[in-house]
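Written below as structure tokens is the structure these notes are about.
The numbers here are math on the coordinates, done by the rules we state, and not lab data. Because the structure is predicted, anything quoted here is derived from the model rather than measured. Here the Cβ positions follow ideal geometry from the backbone for every residue, glycine too, while neighbour counts run over all protein chains shown.
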């Protein structure tokens, strides 16, 4: 029992801000560029929040286009005292997975939205790209999250279908979602 | 018979609720996510399954605050 228990309101306890500040520090140090929230948290930004254990962050590797390896990032996070895994690191209480990219992710990064999360400036995939990148991941969990998100928010269908078509995902999208 | 009359109302109410949740602030949704992770861990523990820890699980003050706060509507 605390000698003087301090009464915290949940509103005084930022969930992501401390982790996002550290990630922004990596950008300031020139290790990464334009860190951007993707994955289920990005879907939660645009629709209803769904259960997930990790924060997916995609970024460019400064000066070399899209990151090919997360090794320099993980090395720096280790130096800063954060426990790392192959996928990412536990940063200020949040499991962060660093997403390595390719075509569709590059485009998603280009179109990312500037936002503020608990007072910290950051980026998030726009809705249609967040859905398309999830569709490309293609696990059962991804489709489940896509279906749940579409029950709560409506993407720009024309824009979404154009992205899916361009990346060869439209057939899978229709097969997985239109039959339900 | 009765369920035929009620069911569309429930479906419509659920859809309305989901849209309302979607329109909440991202900061509030993040708090809801940690709560969801806590519930998930409790459910997993109760059924004897391996449980993933919620974010900030080592921050006892924070966990206490989440547990004692009233559920957000």
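Here the contact order of region A:10-178, divided by its residue count and restricted to Cα pairs under 8 Å and six or more residues apart, works out to 24 percent. Please state the shape class of region A:10-178: rounded when a/c is under 1.5, otherwise prolate if a/b exceeds b/c and oblate if not, all from the C-alpha gyration tensor. Because a/c hits 1.5 or more and a/b exceeds b/c, region A:10-178 counts as prolate. Judged by the ratio a/c of the largest to the smallest principal axis of the C-alpha gyration tensor, chain B counts as oblate, that ratio being 1.5 or greater while a/b is no larger than b/c.
Within 10 Å of the Cβ of each residue in B:9-19, the mean number of Cβ atoms contributed by other protein chains is 2.
Going by how many other Cβ atoms sit within 10 Å of their own, how do A:58, B:17, A:127 line up, fewest first?
B:17, A:127, A:58
Placing dummy labels 7 Å off each Cα toward the beta-carbon, the span from residue A:86 to residue A:175 is 2.7 nm. Summary value for region B:2-68: 19 percent relative contact order, contacts being C-alpha pairs under 8 angstrom separated by 6+ residues.
Exposure proxy shown here: for A:104, A:91, A:23, the number of other Cβ atoms within 10 Å sets the order, fewest to most, as A:104, A:91, A:23. Relative to the dominant Cα principal axis of chain A, helix A:157-166 is inclined by about 90°.
Relative to the longest principal axis of the Cα atoms of chain B, helix B:2-22 runs at roughly 40 degrees.
Looking at chain A alone, DSSP beta bridges between its own residues are antiparallel in about 75 percent of cases.
Reducing region A:18-32 and region A:34-62 to their Cα centroids gives an inter-centroid distance of 16 Å.
If you take the Cα centroid of region A:103-139 and the Cα centroid of region A:79-99, the two points sit 20 Å apart. Taking the longest Cα principal axis of chain B as reference, the axis of helix B:26-46 is set at about 80 degrees.
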